[in-house]
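Asks: This is the structure I want to talk about, given as structure tokens.
The values are calculated or read from the model by the stated rules, or taken from the named source; none is laboratory data. Since we're looking at a predicted model, the values are computed, not measured. Glycine gets a Cβ as well: all are built from the backbone with ideal geometry, and neighbour counts include every protein chain shown. What goes into the accessible areas is simple: the full protein's heavy atoms, side chains included, and nothing from ligands, DNA or RNA. Shrake-Rupley method; radii C 1.70, N 1.55, O 1.52, S 1.80 Å.
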Amino acid sequence: MSRAAMWSHILRDQSDGTENEFWGCVIDGRRPDRGAPPAPKESLPADLVSLLIHRVGLSEAAVSELAKEDAVARLQRYWTDGT
């Protein structure tokens, strides 16, 4: 098997990509689209989630929608004025 044929085989069958995708990744750091889901947003600490659900009374769905800053502010509001 020639080098060109082996290179073609590696790109096609093992990396499942094109030569342009390969070199774009190597040189520029561009990852090829493999259909992976987007990275999840920053998660909330477990103790913060627990306090929001069990002390403040928010639903799991409501807590899952909060950004970390908003979750902390909501808990601080509960501790400050009880609401």
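Asks: Considering only the range 51-66, state which residues are surrounded by fewer than 18 Cβ atoms within 10 Å (Cβ to Cβ) and farther than 13 Å from ARG77 by Cβ.
Replies: ILE53, HIS54, SER59, GLU60, ALA61, ALA62, SER64, GLU65 - these are the residues of the range 51-66 that are surrounded by fewer than 18 Cβ atoms within 10 Å (Cβ to Cβ) and farther than 13 Å from ARG77 by Cβ.
Asks: Same structure again: Which pairs turn up if I take residues in the range 28-48 that are under 20 Å from ASP16 (Cβ atoms) and look for partners that are open to solvent by less than 100 Å² (accessible area, probe 1.4 Å) with beta carbon separation below 7 Å, at least 6 apart in sequence or on another chain?
Replies: Here the result reads ARG30/GLY24; ARG31/CYS25; PRO32/GLY17; PRO32/GLU21; PRO32/CYS25, each pair linking the range 28-48 to a residue that is open to solvent by less than 100 Å² (accessible area, probe 1.4 Å).
Asks: Moving to a separate point now. List pairs: first in the range 61-72 and under 11 Å from VAL49 (Cβ atoms), second modelled with pLDDT under 95 and open to solvent by 70 Å² or more (accessible area, probe 1.4 Å), Cβ under 8 Å, 6+ apart or cross-chain?
Replies: LYS68/GLU42
Asks: Where residues in the range 6-36 are among the aliphatic types (A, V, I, L, M) and modelled with pLDDT of 85 or more, which of them is most open to solvent (accessible area, probe 1.4 Å)?
Replies: ILE27
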